[in-house]
Amino acid sequence: MGVQRIDRMELERVLGRLLAAGTYLAVVLVGLGVAGLVLADRSPLGPGVAPFDPGRLPADIAAGRAEGFLWLGIIVAIATPAARVGAALFGYARLGERTMAAVSAAVLAVIALGVLLALGTG
Amino acid sequence: MEVTLVLAAGGVAAGLFGALLGLGGGILIVPLLTLGFGLPVREAVGVSLVCVIVTSGAAAGVYLQRHVANLRLGMVLELFTAIGALAGGLGAFLLPEPVLAGLFALLLAYSAASMLRRGVGDSAEAPLADGALIADPGIPASSPSAWGGTLSGPGYRVRGLGAGMAGSVGAGVISALLGVGGGIVKVPLMHLVMGVPLRVATATSNLMIGVTASASAIIYLLRGGIDPLVAGPTALGVFVGASVGSRTAHRVDARVLRALFVLVLLYSAVEMARRALGAG
């Protein structure tokens, strides 16, 4: 057993902290976006916003537009579970648990396939 | 401004009810948005998926840090829920709105019937008490030679892995089509079929919700099925409501709430069925 090896319990703690941190970050970003909606007196049921465009995100956030923070919060929320799986892949690989590392990689592959299919057939 | 606050308040109510009664808030969000705010079912499902991810994330983080959830079992099963969610997410854009509304009506009716059958004081996704801790779930209780045995935990041994995988695909499809966490399938599956203790099954199901819902939420996002202006206030409200509900659930007599909830579910089921039939 190497000194630098993390054990399973530590891996679970790290993954738990990652999930919690990602979720709270997403909630804060969404909260900023909702505050922006309220301050601007915009109705969520009014004219819809443009579909998600990653290229516009930095400009929207820099301009303090509500939809920028809302999109970013939603992206962080959706990406957090995938980040947890990526961290698990890394952790299991370090622990030498090849089967669990392969399971983690397969989960990420399914998520990636979803992205490709959605882009390809959208 | 009023609509933003009403959406957030609706989210708070859905999250609070869900947490107090041991159901995810997701089952209330779609009826709230479709029947209350006139959103198309598919758009409501996309918003609900975001709410489900946010609500489950914080709780799953705590369950992992306390070693309540069985991480290894959850990761194996979420591979299959993700496959189901991928299929369901793509299928949701092929199915007509009335079919989605009809499926949701069936889910609501089933949930109401399950709640009536279970009676008071029992729930499939009851919040976990602080004392509900177990030692490292990754270490098998016995000494199995097969890899599947390493998915077991202290005091229990996982069985029926094949059935669990197949059922997980179904849970993923339901989650993606209807915007719910899928605990209504996963918890009984793990507990009754796979021999996982209820508290561990509940925590593990919560852990799996994130990846399951993310796999389909990405599809909704990239296909324009998520409106951030609606999703933001609703998700924020659900998060607040669920946080308050999970902290106060043990102090609330759920009997009256449960009866009220059954009525809400049945009313929503009828209205969704009317919508499916073109009368709503």
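Determine whether segment A:45-60 contains at least one residue that is surrounded by 15 or more Cβ atoms within 10 Å (Cβ to Cβ) and touching a residue at least 24 places away in the same chain (Cβ under 8 Å).
No: segment A:45-60 contains no residue that is surrounded by 15 or more Cβ atoms within 10 Å (Cβ to Cβ) and touching a residue at least 24 places away in the same chain (Cβ under 8 Å).
Contact list please: Cβ distance under 6 Å, first residue in segment B:69-85 and under 20 Å from A:Ala83 (Cβ atoms) and facing chain A (nearest Cβ under 8 Å), second residue of a type in the set (Gly, Ala, Ser) and outside any helix (DSSP H, G or I), pairs at least six apart or on different chains.
Going by the 6 Å Cβ cut-off, the qualifying pairs are B:Arg72/B:Gly138.
Restricting to segment B:52-68, name every residue that is more than 9 Å from chain A (Cβ to nearest Cβ) and under 17 Å from A:Arg8 (Cβ atoms).
B:Val68
Give segment B:195-228 a look and list any residue that's out of contact with any Pro (no Cβ under 6 Å at 6 or more places or on another chain) and either surrounded by fewer than 24 Cβ atoms within 10 Å (Cβ to Cβ) or outside any helix (DSSP H, G or I) (or both), or say none.
Those that are out of contact with any Pro (no Cβ under 6 Å at 6 or more places or on another chain) and either surrounded by fewer than 24 Cβ atoms within 10 Å (Cβ to Cβ) or outside any helix (DSSP H, G or I) (or both): B:Gly195, B:Val196, B:Pro197, B:Leu198, B:Arg199, B:Leu222, B:Arg223, B:Gly225, B:Ile226, B:Asp227.
Looking at A:Gly91 and the list (1) buried (at least 17 other Cβ atoms within 10 Å of the Cβ); (2) touching a Gly at 6+ places or on another chain (Cβ under 7 Å), which single condition is not satisfied?
Only one criterion is unmet by A:Gly91, namely (2).
Residues checked against (1) more than 18 Å from A:Ala26 (Cα to Cα); (2) hydrophobic (A, V, I, L, M, F, W, C); (3) free of Cβ contacts under 8 Å to residues at least 60 places away in the same chain; (4) within 11 Å of chain A (Cβ to nearest Cβ):
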{"site": "B:Gly172", "(1), (2), (3), (4)": "yes, no, no, yes"}
{"site": "B:Pro188", "(1), (2), (3), (4)": "yes, no, no, no"}
{"site": "B:Gly195", "(1), (2), (3), (4)": "yes, no, yes, no"}
{"site": "B:Met208", "(1), (2), (3), (4)": "yes, yes, no, yes"}
{"site": "B:Gly224", "(1), (2), (3), (4)": "yes, no, yes, yes"}
{"site": "B:Ala235", "(1), (2), (3), (4)": "no, yes, no, yes"}
{"site": "B:Gly245", "(1), (2), (3), (4)": "yes, no, no, no"}
{"site": "B:Val252", "(1), (2), (3), (4)": "yes, yes, no, no"}
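Would you mind stating whether B:Met208 is closer than 30 Å to A:Ile111 by Cβ and in contact with a Phe, Trp or Tyr (Cβ under 6 Å, 6 or more places away or on another chain)?
Here the answer is no, as B:Met208 does not meet what is asked.
Only one of these conditions is not met by B:Ala231: (1) in a loop (DSSP other than H, G, I, E, B); (2) within 8 Å of chain A (Cβ to nearest Cβ); (3) out of contact with any Phe, Trp or Tyr (no Cβ under 8 Å at 6 or more places or on another chain). Which number is it?
Result: B:Ala231 passes all but (1).
In segment B:184-194, is there at least one residue being outside any helix (DSSP H, G or I) and at pLDDT below 90?
No, every residue in segment B:184-194 fails to be outside any helix (DSSP H, G or I) and at pLDDT below 90.
The values are calculated or read from the model by the stated rules, or taken from the named source; none is laboratory data. Keep in mind that what you see is a predicted model, and the values were worked out from it rather than measured. Cβ: placed from backbone, ideal geometry, glycine included. Neighbour counts: every protein chain shown.
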